[in-house]
1. Looking only at strands (runs of 3 or more DSSP E) that lie completely in region 1-85, which have at least 1 residues being among the hydrophobic types (A, V, I, L, M, F, W, C) and in contact with a Leu (Cβ under 7 Å, 6 or more places away or on another chain)?
2. Kindly indicate which of N88, N64, N96 is free of Cβ contacts under 8 Å to residues at least 12 places away in the same chain and not hydrophobic (A, V, I, L, M, F, W, C).
3. Condition (residue is assigned to a loop (DSSP other than H, G, I, E, B), surrounded by 20 or more Cβ atoms within 10 Å (Cβ to Cβ) and over 18 Å from the mean Cα position of the chain (by Cα)) applied to region 272-279: is it met by at least one residue?
4. For region 226-271, which residues satisfy the criterion of being small (G, A, S) and part of a strand (DSSP E or B)?
5. Regarding region 83-90, can at least one residue be identified that is among the polar types (S, T, N, Q) and touching a strand residue (DSSP E or B) at 6+ places or on another chain (Cβ under 6 Å)?
6. For residues that are hydrophobic (A, V, I, L, M, F, W, C) and open to solvent by 10 Å² or more (accessible area, probe 1.4 Å), scanning just region 241-261, find the one that is nearest to the chain's Cα centre (by Cα).
7. It is to be established whether one or more residues within region 34-51 are more than 30 Å from S279 (Cα to Cα), touching a His at 6+ places or on another chain (Cβ under 8 Å), among the polar types (S, T, N, Q) and touching a residue at least 24 places away in the same chain (Cβ under 8 Å).
8. Somewhere in region 5-12, is a residue under 30 Å from R211 (Cβ atoms) and of a type in the set (V, I, T)?
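The values are calculated or read from the model by the stated rules, or taken from the named source; none is laboratory data. Being a predicted model, the structure only gives us computed values, none of them experimental. Heads up, the Cβs are rebuilt from the backbone with ideal geometry, glycines too, and the neighbour counts pull from every protein chain shown. Remember, those area values only see protein heavy atoms, side chains included, never the ligands or the DNA or RNA. Shrake-Rupley method; radii C 1.70, N 1.55, O 1.52, S 1.80 Å.
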Amino acid sequence: MISQTPFGRAPAGAVTLFELTAGAVRIQVMDFGATLVRAFTPDRTGAVADIALGFDALAGYLANPACYGGTIGPSANRTDRAEVPIGNAVHRLPENDGPGSANNLHTDLDHGLHKRIWSSEVDEAANLVRFTCELADGELGLPGARRFTVTYALAEEAGGAVLTLEHACATDAPTYVNMTNHSYFDLGGAGSGRAMEALVAVRAAHFLPVREDSVSTGEIRPVAGTPFDFREPKRLDADIEADDEQLRRGRGYDHCLVVDGYEPGAGPRPALRAEDPVSGRVLSIDITAPGAHLYTGNWLDDADAKDGASFGARDGFAFEPEFLPDNVHHADWEHPVCTPESPYRQSIIYRFSTRAAR
């Protein structure tokens, strides 16, 4: 049974919260921003806690500069000069980031996909909620009459549950699409203060360095010998204070990791495994995109956010699957151009499980 309850009212209308259940795992999502609101998962003793950062009420999400749980698009991450070339034309995104706000971050922080009320459809048999949002030709700076779809499907599996998140876009003209989900996690429970204590492994032999304005430099650098090497499990904060120019620029991790084994059109592949040693909660993430942005919440600053907790710097981590940021300005990187003949479709698989005490 997928429950539906009111979750306040946005300027564009009423907002609904949906809850999906599979075994001991419960996921709450809402039609405002096609947003993941809560993720209740058990620890090794069976005690359940919400591991997703966010707010108790809609009001927090109406501002939400951290983009907690939101669907980001059509263009995720940072774009140099807010320019997106498609064919022979250059399209302009809002200038909202970097020195003089000359670059673009997440398309539009005030009117992007994470700030709109999506249409919803519930499929009880498949235990899923499907959200849709339409943009007119030229809206948010990009061409094509577009129909975006986000599907959350929850299923029980041996040892836990799996949440399948699918992003899709259909268009009547060539356009640019690079969507992601911007959830933050603390496997000790939102507000526990243990987010950085997670043991994290990422299957990524390379990462993208950034300039002072956090735009990708164009280099794909090996992680070997750097604080960005998570190929073997280590505490998320083990090297976060290292004497490293890239960490200083981001005040911590705020970089795209190039996940090994990408093939266009292939199915999801393992990307990240995170474990909270205290509770035994484990989060594994599989992706289809070329990379994922690791962000350690270095700029979080939300008082009295969820369940009375205040979220500050590094109180949660985000892992945002994506095509490599600013790819449109690098000819040898894949460009996710969506056409009527080739719709956009990418998947993120979240697996929730537990590990026995060591």
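1. Output list reads 3-10, 13-22, 25-30, 35-42.
2. Criteria check complete, one pass: N88.
3. There is at least one residue in region 272-279 that is assigned to a loop (DSSP other than H, G, I, E, B), surrounded by 20 or more Cβ atoms within 10 Å (Cβ to Cβ) and over 18 Å from the mean Cα position of the chain (by Cα).
4. Answer for region 226-271, where residues must be small (G, A, S) and part of a strand (DSSP E or B): just A271.
5. No; the residues of region 83-90 include none that is among the polar types (S, T, N, Q) and touching a strand residue (DSSP E or B) at 6+ places or on another chain (Cβ under 6 Å).
6. For region 241-261, the residue satisfying everything is V258.
7. Checked against the condition, which is being more than 30 Å from S279 (Cα to Cα), touching a His at 6+ places or on another chain (Cβ under 8 Å), among the polar types (S, T, N, Q) and touching a residue at least 24 places away in the same chain (Cβ under 8 Å), region 34-51 yields no hits at all.
8. no
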